[in-house]
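*Asks:* Handing you this structure, nothing more for now.
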Amino acid sequence: MEALALPSPLDSPPEYTYPNRCHYKIRVEKRTGSTAKDFYSAVKKGEAVESLLEVAVEDGEVIEIDSGLKSFYFQYLGMDVISRVPFFEQIERRKPPKPGTDNTGTGKG
């Protein structure tokens with residue numbers, strides 16, 4: 001009996017992923033010689049993520065490349081596959097209003 005070959009999720013990785021910043025912390029911070037566009041293009045052409053960054057990267061980690069004007073984010077999915085992260089901000093929970101206030105910041109209730 002022939003084994004059924006299932007497609008790998010990495011055969012067609014998602015173009016975008018949406019991790020929540022509150023689940024992450026900075027592990028390594030360093031300068032690279034590449035722009036976000038150069039990094040993304042090189043990985044898509046098959047270059048190893050770790051050789052481009054010169055640091056070990058774990059599955060699921062988020063890579064930030066800061067141009068000085070804007071930060072660009074990518075999530076490492078493993079096996080030199082990345083996806084773009086369109087935004088990477090911590091979702092803040094709203095605090096319930098204090099009793100006796102109207103929650104507008106004016107202090108009048």
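*Asks:* Using a 1.4 Å probe, what is the accessible area per residue for region 35-93, in Å²? Please list the in-between numbers first.
*Replies:* On the way: 3860 Å² over 59 residues.
Per-residue accessible area for region 35-93 comes out at 65 Å².
*Asks:* Compute the label zone of Glu64 within region 71-90: residues whose backbone N is under 13 Å from the point 7 Å along Cα-to-Cβ.
*Replies:* Only 71-74, 87-90 pass the distance filter.
*Asks:* Run the 1.4 Å probe and let me know the accessible area of Glu15, rounded to the nearest 10 Å².
*Replies:* 100
*Asks:* Okay, next question. Can you find, among Pro19, Val57, Val81, the residue sitting farthest towards the positive end of the charge dipole of region 18-89, where Lys and Arg contribute +1 and Asp and Glu -1 at Cβ?
*Replies:* Pro19
The values are calculated or read from the model by the stated rules, or taken from the named source; none is laboratory data. Note that the structure is predicted; figures quoted are calculated from it, not measured. Note that each Cβ is placed from the backbone with ideal geometry, even for glycine, and that neighbours are counted across all protein chains shown. Remember, those area values only see protein heavy atoms, side chains included, never the ligands or the DNA or RNA. Shrake-Rupley method; radii C 1.70, N 1.55, O 1.52, S 1.80 Å.
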